[in-house]
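Written out below as structure tokens is the structure these notes cover.
The values are calculated or read from the model by the stated rules, or taken from the named source; none is laboratory data. The model shown is predicted, which means the values in this text are computed figures rather than measured ones. As a convention, Cβ positions derive from the backbone with ideal geometry for all residues, glycine included, and neighbour counts pool all protein chains shown. What goes into the accessible areas is simple: the full protein's heavy atoms, side chains included, and nothing from ligands, DNA or RNA. Shrake-Rupley method; radii C 1.70, N 1.55, O 1.52, S 1.80 Å.
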Amino acid sequence: MEGFGIHIEGLRKRYGEGSAAVDALKDVNMTVAPGEVVGLIGPSGSGKSTLLKCLGAVIEPTAGRMTLGDELIFDDGWKIPDLRAVRRDRIGFIFQAPYLIPFLDVIDNVALLPMLAGQPNDVARRRARDLLEVLDVGHRAGARPSQLSGGEQQRVAIARALANQPPVILADEPTAPLDSERALGVVRILNEMAGQFRTAIIVVTHDEKIIPTFKRIYHIRDGQTFEEKGLGAG
Amino acid sequence: MISLAGRDILHSWSRFVLTGVGLGLLIGVTLTMAGVYRGMVDDARALLNNSGADIWVVQQDTQGPYAESSSIHDDVYRTLRALPGVSRAASVTYLTMQVRRGDTDVRAMVVGFEPGQPGEPGYLVAGRQITRSHYEAVADVKTGFRLGDTLRIRRHDYRVVGLTRRMVSSGGDPMVFIPLKDAQEAQFLKDNDAILGERARTAANPALNRPGVPGLLEALQASQTANRSVNAVLVQVAPGGEPERVAREIRRWKHLQAYTRPQMEEILVSKLIATSARQIGMFLVILAIVSAAIVAFIIYTMTLGKIREIAVLKLIGTRNRTIAGMILQQALGLGLIGFMVGKTAATVWAPFFPKYVLLEPGDAARGLLVVMVICALASTLAIRVALRVDPATAMGA
């Protein structure tokens, strides 16, 4: 997976029409290479949530272009027909809380995505077990999410995000509920996974503890992004 | 693909089972109501079967003896026996009343019959048939009488010499069989005070107590004391005979009403228990609506409790039909648990009902189908909610 992990160019999103129209995103440009982890920072009302929804293929931008891996998703009002399949196969999601499915055990939480993509159960489970081993929670494969610690749950959520080998992972405040040590641990894991699986990872965060760890940071303000060099080695 | 619904049910099985038990008891009541109706129909058929008749001859322009009162003279059977195609004919009386047993009484239908003739209890489970002309009785086991018990009908005591089973009226009251003469007396005879009063009135009437006509008053008083009425005559047709043809002859020449077996069944099922059937039908409709409301509420509440998980599932690309299928399967699972509990409960408690409850396998199969349809319909509300969940909810947006 060479080239772009994700590339967006001139992305705009307008809500409403006429005099009631609001431009939530005015001119967003962003490129994240495979294996790279970048931060996305912005105050409330800056358009961060709207951008996240566009990146997550949950809503369509009004204009602009977005490419995931080698596939064009949005292009000036055109969109790929099946956004649901894009979310399933080409984007991994990590949330502030792990949001694991409580009635599935750990291995099936991870294997669910490949299963939804049509992989046989045993192949999907084998893939899930490998990911859980990599993330050091393989021994909890048969447990219920409620039986895991917060850190373990977040690692399972990371494994789930990686399950379909997406070109990009969106991590929305993944360290918010964690203390410094655990937060930095999650960032370290994200960096390792990005490198190992050649996945572009965008971390949306307010967390002062982890901001210095990013090599590149995108600031979003009034619907526009500005790139900044970070201090991190990520 | 794994079964999301199955996993969810297993995950919260106690809640599912408890809900299913609650729903099951309601379904049990519904199945029992259907069983009560079936029991009434079966009671009516048992009544006709046990009478041993092919034709019921009753008073003209009545639908007796079960649906309406009927009174005909007790010598009618003799003329009927002489008709071509008639094998046997016998008078019977039917009277639903309180039969006393010691200090208590039992609701029963008292049947007067002639031993060895149509109308006699078809079989006994204990004791013997009536052999004496008076004061012996055969009772259905549901009356609670035992062999040797003494029961009281009006002014006379009867000894239970035989027990029978499934001999009930169309209303489900168990039968007590006594000799015809005794039954006529119980049904039509006046009490002593009334007889004395009637005699005095007749004696005081100069038209009936004429000095020049000796013996007239005594004859009149004797006729007032005795009763020669019965409710019906049961007719058996000779082998190979056509009941409809014989009934037609009776209607034409004897100025009586005659019903064949299908006609009598029509009267009992379509007329006598029709109101009860409609009543039960209304109950069934209400219970079906209540069941649907309960399933809809439970599935809706359970779905609302999973909005975040549904949003996550939608965000990670789960098809709408997979989510809808999960909710539908849960509703059907709940219905299945409820049906199994309901069927078991109905089977357990049916024998304790005072009237016969007939649980037919066909009704159970139809009940299962209806429960499944109700559950499927009830799940549509929850499915609608689930399909409207915005995947962005999972992103905290």
| query | What lysines sit close enough to B:Lys343 to cross-link, taking a C-alpha to C-alpha distance under 23 Å and skipping anything fewer than 8 places away on the same chain? | reply | B:Lys355
| remark: Calculated from DSSP helices alone, with each H run of at least 4 adding -39500 (n - 2.57) and the total divided by the residues of chain B, [θ]222 nm to the nearest 500 comes to -17000 deg cm²/dmol
| field | A:Asp222-B:Glu198 pseudo-label distance in nm [points 7 Å out on the Cα-to-Cβ vector] | value | 11.4 nm
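Interface size between chain B and chain A, please: total buried accessible area, 1.4 Å probe, rounded to the nearest 100 Å².
Details: alone 20000 and 10790 Å², together 28360 Å².
Rounded to the nearest hundred, the buried surface is 2400 Å².
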| query | Taking a label point 7 Å from the Cα of B:Leu147 along the Cα→Cβ vector, which residues of segment B:95-129 have an amide N closer than 18 Å to it? | reply | B:121-129
| request: Return the long-range amide H neighbours of A:Gly64 (sequence gap of 5 or more, or a different chain), with a cut-off of under 5 Å between placed amide H atoms. | output: A:Arg12, A:Asp76, A:Gly77
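Mind ranking B:Asp75, A:Asp108 by accessible surface for me, highest first, 1.4 Å probe? Before the final figure, lay out the partial values.
On the way: B:Asp75 65, A:Asp108 0 Å².
Highest to lowest solvent-accessible surface, that is B:Asp75, A:Asp108.
Test of understanding: express the Cα radius of gyration of segment A:1-133 as a ratio to 2.2 N^0.38 Å, with N the residue count. It would help to have the intermediate numbers written out before the result.
Details: Rg = 17.1 Å, N = 133, 2.2 N^0.38 = 14.1 Å.
Expressed relative to 2.2 N^0.38 Å, the Cα Rg reads 1.21.
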| Across bins of 10 angstrom width beginning at 0, how are the C-alpha pair distances of chain A distributed, in whole percent? | 8, 33, 36, 19, 4, 0
| said: Take B:Arg278 and B:Thr380, extend 7 Å from each Cα along the Cα→Cβ direction, and tell me the distance between the two endpoints in nm. | reply: 3.0 nm
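Compute the Rg/Rh shape ratio of segment A:43-110: radius of gyration over Kirkwood radius, all on alpha-carbon atoms. Spell out each step's value before the answer.
Numbers: Rg = 14.4 Å, Rh = 13.8 Å.
For segment A:43-110, the value is 1.05.
Beyond 48 Å, what share of the Cα-Cα pairs of the protein assembly as shown is found? Please give it as a whole percent. Mind showing how you got there, number by number?
Values: 93741 of 198765 pairs.
When all Cα pairs of the protein assembly as shown are counted, 47 percent exceed 48 Å.
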| task | With label points built 7 Å along Cα→Cβ from the Cα atoms of B:Thr301 and B:Asp105, find their separation and express it in nm. | result | 4.9 nm
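With the convex hull built on the Cα atoms of segment A:126-234, state its orientation-averaged projected area in nm². Mind showing how you got there, number by number?
Details: hull surface 30.0 nm².
Over every viewing direction, the Cα hull of segment A:126-234 projects on average to 7.5 nm².
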| task | Run the numbers on segment A:90-118: which residues show a drop of 20 Å² or more in accessible area, chain on its own versus all protein chains together, using a 1.4 Å probe over heavy atoms? | result | A:Phe93, A:Phe95, A:Tyr99, A:Ile101, A:Pro102, A:Phe103, A:Leu104, A:Asp108, A:Leu112, A:Leu113, A:Met115, A:Leu116
| Using a cut-off of 16 Å between alpha-carbon atoms, which aspartates and glutamates can reach A:Lys26, once sequence neighbours fewer than 8 places away in the same chain are excluded? | A:Glu9, A:Glu17, A:Glu60, A:Asp75, A:Asp76, A:Asp222, A:Glu227
| query | Taking R0 as 60 Å, what's the FRET efficiency between B:Leu25 and B:Ser133 from their Cβ-Cβ distance, rounded to 0.05? | reply | 0.70
| Is any residue of segment B:248-272 close enough, with backbone N under 19 Å, to a label point placed 7 angstrom from the Cα of B:Arg45 along the Cα-Cβ axis, and if so, which? | B:260-272
| query | Hey, which lysines would be in cross-link range of A:Lys229, C-alpha to C-alpha under 20 Å, not counting anything within fewer than 8 residues on its own chain? | reply | A:Lys48, A:Lys209, A:Lys215
| query | Where in segment B:343-397 are there trypsin sites (Lys or Arg not before Pro) that are in a DSSP coil and have at most 11 other Cβ atoms within 10 angstrom of their Cβ? | reply | B:Arg388
| message | Taking 25 °C and 0.890 mPa s as the conditions, I'd like the Stokes-Einstein D for segment B:136-180 in µm²/s, using the Kirkwood hydrodynamic radius from alpha carbon pairs. | response | 233 µm²/s
| Residue among B:Pro179, B:Pro239, B:Pro262 with the largest mean-square fluctuation in a Gaussian network model of chain B, springs linking Cα atoms under 10 Å | B:Pro239
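Percent of Cα-Cα pairs more than 19 Å apart in segment B:291-397, please. Please report the intermediate quantities before stating the final value.
Values: 2959 of 5671 pairs.
Summing the P(r) of segment B:291-397 above 19 Å gives 52 percent of all pairs.
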| query | Hey, with R₀ at 25 Å, roughly what FRET efficiency would A:His206 and A:Asp136 work out to, going by the Cβ-Cβ distance, to 0.05? | reply | 0.40
| Just A:Arg221, A:Arg65, A:Arg84 to compare: in a GNM of chain A, with alpha carbon springs under 10 Å, which one fluctuates most? | A:Arg84
| request: Using only Cα positions of segment B:1-133, each an equal point scatterer, no hydration layer, compute I(q)/I(0) via Debye at q = 0.18, 0.19 Å⁻¹ and quote the log10 values to two decimals. | output: -1.19, -1.26
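Per residue, what accessible area does the protein assembly as shown have, given a 1.4 Å probe and all protein chains present, in Å²? Walk me through the intermediate numbers first.
Working: 28360 Å² over 631 residues.
Counting only protein heavy atoms, the per-residue value for the protein assembly as shown is 45 Å².
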| query | If eta is 1.002 mPa s and T is 20 °C, what Stokes-Einstein diffusion coefficient results for chain B, Kirkwood Rh from Cα pairs, in µm²/s? | reply | 84 µm²/s
| query | When the accessible area of chain A is split by element with a 1.4 Å probe, what percent falls to carbon and sulfur? | reply | 47 percent
| said: From the phi angles alone, apply the Karplus equation (6.51, -1.76, 1.60; θ = phi - 60°) to segment A:200-215 and give each ³J(HN,Hα) in whole Hz, x where the residue is Gly or Pro. | reply: 7, 10, 10, 10, 7, 7, 10, 6, 4, 5, 9, 4, x, 7, 7, 7
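Please compute the average number of Cβ atoms from other chains found within 10 Å of each residue's Cβ in peptide B:2-14.
On the way: counts 8, 0, 5, 1, 1, 6, 4, 1, 1, 7, 2, 0, 0.
Mean shielding by partner chains, rounded to a whole number: 3.
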| note | Among segment B:168-202, those whose backbone N falls under 20 Å of a label point 7 Å along Cα→Cβ from B:Gln98 are B:169, B:171-177, B:186-192
| query | Comparing B:Val99, B:Val370, B:Val233, which has the greatest mean-square fluctuation in the GNM of chain B with Cα pairs linked when under 10 Å apart? | reply | B:Val370
| query | On the accessible surface of segment B:208-363, probed at 1.4 Å, how many percent belong to carbon and sulfur atoms? | reply | 65 percent
| field | For segment B:208-351, alpha-carbon Rg relative to the globular expectation (2.2 N^0.38 Å, N residues) | value | 2.32
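For B:Glu218 and B:Trp253, what is the calculated FRET efficiency with R₀ set at 30 Å and r taken between the beta-carbons, to the nearest 0.05? Present the calculation step by step, with values, prior to reporting the outcome.
Details: r = 35 Å, r/R0 = 1.18.
For B:Glu218 and B:Trp253, the calculated efficiency is 0.25.
Compare B:Leu377, B:Leu25, B:Leu332 by solvent-accessible area with a 1.4 Å probe and give them largest first, with all protein chains kept in place.
Numbers: B:Leu377 115, B:Leu25 80, B:Leu332 55 Å².
Sorted by accessible area, descending: B:Leu377, B:Leu25, B:Leu332.
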| query | Accessible surface of A:His219 in the full protein assembly, 1.4 angstrom probe, to the nearest 10 Å²? | reply | 50 Å²
